2 protein chains.
Amino acid sequence: MKPIADYSENQLTALLSQLKTQYKEAQAQKLKLNMARGKPAATQLNLSNGLLEKMENYTLADGTDARNYGILEGIPECRELFGRLLDVPPGQIIIGGNSSLNMMFDVISFLCLFGTGGSKPWLYHKYCNTPVKFLCPVPGYDRHFTICEELGIEMIPIPLGEDGPDMALVKKLVLEDKSVKGIWCVPLHSNPQGVCYSEEVVEQLASMETASKDFRIFWDNAYGIHHISEEVPLKNIIKECEKHGNPNRIYYFFSTSKISFPGAGVALVASSTENTTELKKHMSAQTIGHDKLNQLRHVQFFKTPENILHHMEKLAGDLKPKFDMVADKLEKDLAGSGLASWSNPKGGYFVSLDTLPGCARRTIELAENAGVTLTKAGAAYPYGKDPKDSNIRIAPTYPAIDELKKAMDIFIICVKIAGIEKILENKTK
Amino acid sequence: MKPIADYSENQLTALLSQLKTQYKEAQAQKLKLNMARGKPAATQLNLSNGLLEKMENYTLADGTDARNYGILEGIPECRELFGRLLDVPPGQIIIGGNSSLNMMFDVISFLCLFGTGGSKPWLYHKYCNTPVKFLCPVPGYDRHFTICEELGIEMIPIPLGEDGPDMALVKKLVLEDKSVKGIWCVPLHSNPQGVCYSEEVVEQLASMETASKDFRIFWDNAYGIHHISEEVPLKNIIKECEKHGNPNRIYYFFSTSKISFPGAGVALVASSTENTTELKKHMSAQTIGHDKLNQLRHVQFFKTPENILHHMEKLAGDLKPKFDMVADKLEKDLAGSGLASWSNPKGGYFVSLDTLPGCARRTIELAENAGVTLTKAGAAYPYGKDPKDSNIRIAPTYPAIDELKKAMDIFIICVKIAGIEKILENKTK
């Protein structure tokens, strides 16, 4: 498509009419396609079906019967496996249930209820009309923002650049305002843009001075080994925080939701010894222990960190054609048009697309009415408010590739319609 | 043993010396026996090993892939199965992870963080120096009390009689004090005494007038189908609460921890539609959904409520000889002695024994030093404080029967030593 700026008003009207004909044809197909959520496809899940085999052995190396009660922090085998994978001492790892999101919510709930290291409970500040604030790199993961909203934590959007959050702004805010007690980070292949944090950004996060003593980084390394086109390194933030004398600053989350099964994986939180001891104290009031059989199942299936990485290569093989196809279509149909820009992620689960300002909501609505469901407009921003109304998250992983093709064709028509409508509307103003 | 009152001081001294010889012989055996926790034995767990078979089918009746994300409230099949078992509408059931304790903690945390039905968050009252109070029938389950202690909820002990808590006192306190917002109930085969709540008690709990609008019953029906010697009926408290216009008063907890596997079962909370809707709202910020494969595994293994009940009969068959043996030994060695009284539970996991006042701690210490671990003294009371220092919880389920026999023999020696020591001490005062 030639640059939209080169079209005359008449040409734009003609093009819009032509696109609307294509749109009606698409509608007539009565499709039901979904690019809304970052769900793995069945083809990916099938690669983990070894987890469903008969479990012959349920006795741990130390003789514990994994069927019975106990082991709050997770079985040693499992902590060892993920400790080696993530280069974190197993003693600093707590294995939870099937959801790292649940662990994030619980950790922040604990902070709200109990505080940390003797500090006031975070909820206390709310009752004193100085609610806790979190820095939220945007666009970001909607469920992080939902946790904050639910718990009454105020969110401050921070622009997310090519190598991480705008650190000048981050450093200024954490130094100025002691109510700022947290930052959400998806440091590799971020949701939705695929941003990977540089060494410098990790170092600054670990070392920066903060007004609040109990400032915490919520490090959701959801895509830590989810490389597709290129393996991207990530500096070890736990070590960095230790090195800079801030060992308690970090809560590191990880899960196998997009490695084995989203519905039945294992999740973990890693942190300093002081923090994990504190977490375990609260957890010991909450549970006797999480599902040890599922932890053991994962250990028996994967055995070594190397096998997990090899498994990820197979998953990437399934994902790459989908991401390539999305990139190709966007390039072919929208490059140079001036109607949109988009990310070319090296891994993760999403492509992020920015329409012209004021066009995201309309694009998503058009797609919905032609049978293509996308993530809600604004979802990647705190309180669901995209100030420019331009960001759209594309989740290409779940549909089969031929369905994804159809969905992308319709989606691109919608991007164009919404964009041209907006240009014409602006001209008539 | 003849009544302790019939012994002269000299006879008591002689008896004590004889018991101490037996005690030293026991110590010389260097045993390591444990009657501390209500853990099922491996023989019981083996009856659920069908859960470890290969999972051939992971697709739900509605076509959902149980391996993938979703279904916050648990799979329909599982809610249906337990709904029929417990006579609760499946729509009022939320299936959680592997631990009902975790669901209890989370529900109370939600109440502390968010309140309910528009009421103030329970933590708010703490900051206003009017902390929330819970009624705690005693002796009771230590982990309930730990939740309250962790969350800063004040506990008021309530005597637990033969058919439930002292309802005159309960009704007085809930009417007088609007800070009283909860009561812990283990309504069948209570931990540790095996008390079963009568119809009248259930009716009164459901219908009584309370000063606090958000007063809640935490109904931990942990042993709801765990009959051993006799099946005991329990009035349906959810229906009773509805009938009396207090549908939101009840949170009903249940799990398969002592049906299938303690480490890998499924748990649930049931309540009114209004309460479950509210819980799901908070849960939706916490997780995308719990482990659906494990839910499906349980549905595929048990299939029907009738099968679950039949399974419980098999488990009871394993437990009965142990409970009978404990009862026989206590009867044979302590009945009529005046040194102890104890419960004869019809189900559940425990036997509760009361020593002479001031003898529980000493008895448990003596047992520990002879290699028999018992639950910590005072554990069955709020803040770990047994005002009479007389209650001891015996957990006979985990050890093999020959080990249990040895442990009971030693335990009884310890009860006698501690009792006679105390009597002699009192005489010399």
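We did not get these values from a lab; they are worked out from the coordinates using the rules stated. On a predicted model such as this, the values are computed, not experimentally measured, just so you know. Reconstructed Cβ throughout: ideal geometry from the backbone, glycine too, with neighbour counts over all protein chains shown.
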- Pick out, in residue order, every one of the trypsin sites (Lys or Arg not before Pro) in segment B:253-358 that is DSSP loop and has at most 13 other C-beta atoms within 10 Å; say none if there are none. B:K303
- Expressed as a whole number of Å, what is the distance separating the alpha-carbon centroids of segment B:315-339 and segment B:16-53? 15
- Task: Give me the orientation-averaged projected area of the Cα convex hull of the protein assembly as shown, in nm², one decimal.
- Result: 39.3
- For segment B:61-303, what log10 I(q)/I(0) values come out of the Debye formula at q = 0.09, 0.15 1/Å, with one point per alpha carbon and no solvent? -0.36, -1.04
- Query: Any idea how far the Cα center of segment B:173-248 sits from the one of segment A:195-238, in Å?
  - Reply: 49
- Per-copy distances of the A:N236 label point, shortest first, in nm (7 angstrom along Cα→Cβ): 5.8
- Note on the structure: Karplus ³J(HN,Hα) for segment B:195-206 (6.51 cos²θ - 1.76 cosθ + 1.60, θ = phi - 60°; Hz, whole; x = Gly/Pro) runs 5, 10, 6, 6, 3, 4, 4, 4, 4, 5, 4, 6
- Message: Normalised radius of gyration for segment A:247-399, please: alpha carbon Rg relative to 2.2 N^0.38 Å, two decimal places.
- Response: 1.37
- Message: Angle check, please: helix B:9-28 long axis (alpha carbons) against the longest principal axis of chain B (alpha carbons), in degrees 0 to 90, nearest 10.
- Response: 60
- Query: Hey, got the average number of other protein chain Cβ atoms within 10 angstrom for residues in B:44-51?
  - Reply: 2
- Task: Can you tell me the 0 to 90 degree angle between the C-alpha axis of helix B:100-114 and the longest principal axis of chain B, rounded to 10?
- Result: 60
- Message: Using all alpha carbons of chain A, what is the percent of pairwise distances in each 20 Å bin, ordered from the shortest bin to the longest?
- Response: 25, 52, 21, 2
- Message: Placing unit charges on C-beta atoms (Lys and Arg positive, Asp and Glu negative, everything else neutral), compute the dipole magnitude of the protein assembly as shown about its Cα centre in debye, rounded to 20.
- Response: 520
- Query: In whole percent, what relative contact order does segment A:25-179 give with Cα contacts below 8 Å and a gap of six or more residues?
  - Reply: 11
- Nearest 10, in degrees from 0 to 90: the angle of helix A:167-176 to the longest Cα principal axis of chain A is 50
- Task: DSSP loop (so not H, G, I, E, B), at most 12 other Cβ within 10 Å: list which GluC sites (Glu not before Pro) in segment B:128-202 pass both filters.
- Result: B:E162
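Compute the Kirkwood hydrodynamic radius of segment B:291-361, taking the inverse of the mean of 1/r over all pairs of distinct Cα atoms, and give it in Å to one decimal.
Kirkwood hydrodynamic radius for segment B:291-361: 15.2 Å.
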- Inter-copy label distances at A:A61 (7 Å, Cα→Cβ; nm, one decimal): 4.4
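If you take each beta carbon of peptide A:278-288 and count the beta carbons of other chains within 10 angstrom, what is the mean? Don't skip to the answer; put the middle values down first.
Values: counts 0, 0, 0, 1, 4, 2, 3, 12, 13, 12, 10.
Mean inter-chain Cβ contacts per residue within 10 Å come to 5.
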- Task: Using the 7 Å Cα-to-Cβ label point, sort the distances from A:P357 to its equivalents in the other copies shortest first and give them in nm to one decimal.
- Result: 8.0
- Item | Loop sites in segment A:228-297: GluC sites (Glu not before Pro), DSSP, at most 10 other Cβ within 10 Å | A:E230
